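The values are calculated or read from the model by the stated rules, or taken from the named source; none is laboratory data. Keep in mind that what you see is a predicted model, and the values were worked out from it rather than measured. Counting neighbours? That spans all protein chains shown, and the Cβs are built from the backbone with ideal geometry, glycine included.
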Amino acid sequence: MFNSRLSKLSRSISLFSRSSLLRTRLFSSSAPAASETVTLPETSFESYKCDPPSYNVEVDKEEMIHMYKQMVIMRRMELTADGLYKSKFIRGFCHLCTGQEAVSVGMEAAITPDDHVITAYRCHGKKTGVSKGKGGSMHMFARNFYGGNGIVGAQVPVGAGIAFTQQYLNTKQATFVLYGDGAANQGQVFEAYNISKLWNLPAIYVCENNHYGMGTSASRSSADTKYFTRGHYIPGLQVNGMDILAVRQACSWAKDWVLNDKGPLVLEMVTYRYGGHSMSDPGTSYRTREEIQHMRSTKDPITGLKQRLLDLGFLTESEIKQIDKEARTIIEEAAKAAQNDPFPEDSELFTHIYAKGTEPPFIHGREKEEVGRVL
């Protein structure tokens, strides 16, 4: 449902970021340095057949504030979706990733719009959204973002094909191929590894390991849970996926690796989701509430970045509270607008099926009587 407001939400986030960054420059008379060097803990990385990235990370004040805002907005959006689903406004399936915000935001901070990302998700929507109200697994694409792949692991070999395209066209772009620990045992994943190594493709395979594939722990499903080593002949890196600076540093290092023609990489982002796999999964039948609370209280990515912002003097407590308040307003307005948006007309069933210029004059539905003109 929230994808139906994604376009407007993105614009709101952009405006929110610009205006808030201006305010943060004016909030305090004591102006700390615009950038600092942060030393990451030794536990941030574990490497396989390669040297790890540098543990000394240059951090920019404005970029760190921007990353914090993005994570807070994402968390607020997911919590709002949770509430609307429980109130039966959202129907069907709803998969949330609360707790894993550092992976996506940190990766985006390390790459550019020219780099390529493919992952797996299912979209929902209304008439005004980017998916035009089409649900399922194949209706949300953006420039260099290839998506909806509902079949477990199906996006991985497609990602290898995207990386091959960059190599064939001789473009200096990296391809990030995301999948979860629940998909890591799929045969097509290893087939993609093989062809990527044979052809030295600029593919970065990112296993987002939140420890539970649906309701099955990694230790029960995988004989080898060190996913970053499972490329065998491909170097790998395990990353603390709850630390956004570690994620950003790892992704920047990985991009440099593949663009210097060193071949593919496997990254394992060790992260954690606080909720269940879906709204029908309470998330507590296969793990304890104490485990979840421990992760929330000691490893939360937003809390961790907030503390760094305070320690570096980039923001004060009152400034952070203002950011949190503005994020809540953005999502509340987006949710209200989404609730008032119309559903798509039936004719939308016959749109976006063929590439422009290739469509037949008519298309049949499930029954022979169901015939519509391609729009």
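What do you reckon, is S219 part of a helix (DSSP H, G or I), more than 22 Å from the chain's Cα centre (by Cα) and buried (at least 18 other Cβ atoms within 10 Å of the Cβ)?
no
What are the pairs with Cβ atoms under 7 angstrom where one residue, in the stretch 129-155, is assigned by TED's automatic domain parsing to the domain that holds D115 and the other, located anywhere, is among the basic types (K, R) and at pLDDT 80 or above? Sequence gap at least six, or different chains.
That search, which allows pairs on different chains as well, returns G133/K126; G133/K127.
Given V177, V156, which one is crowded, with 24+ Cβ neighbours inside 10 Å and assigned to a helix (DSSP H, G or I)?
Of V177, V156, the one residue that is crowded, with 24+ Cβ neighbours inside 10 Å and assigned to a helix (DSSP H, G or I) is V156.
Please tell me if M295 is of a type outside the set (K, R), in the same structural domain as M214 (by TED's automatic domain parsing) and either in contact with a helix residue (DSSP H, G or I) (Cβ under 7 Å, 6 or more places away or on another chain) or within 30 Å of K197 (Cβ to Cβ) (or both).
So M295 does not fit the description; no.
Output the number of the condition that K197 fails; it satisfies all remaining conditions of (1) modelled with pLDDT under 95; (2) out of contact with any Lys or Arg (no Cβ under 7 Å at 6 or more places or on another chain).
Only one criterion is unmet by K197, namely (1).
Restricting attention to the stretch 249-267, and to residues there that are surrounded by fewer than 24 Cβ atoms within 10 Å (Cβ to Cβ) and in contact with a helix residue (DSSP H, G or I) (Cβ under 8 Å, 6 or more places away or on another chain), which single residue is nearest to N194 (Cα to Cα)?
G263
Hey, can you tell me all the residues within the stretch 45-79 that are surrounded by fewer than 18 Cβ atoms within 10 Å (Cβ to Cβ) and under 27 Å from Q339 (Cα atoms)?
Of everything in the stretch 45-79, just one residue is surrounded by fewer than 18 Cβ atoms within 10 Å (Cβ to Cβ) and under 27 Å from Q339 (Cα atoms), namely L79.
Assess whether G92 counts as being surrounded by fewer than 21 Cβ atoms within 10 Å (Cβ to Cβ) and in a helix (DSSP H, G or I).
Here the answer is no, as G92 does not meet what is asked.
Do we have A81 as of a type in the set (G, A, S), assigned to a loop (DSSP other than H, G, I, E, B) and under 30 Å from P282 (Cβ atoms) here?
no
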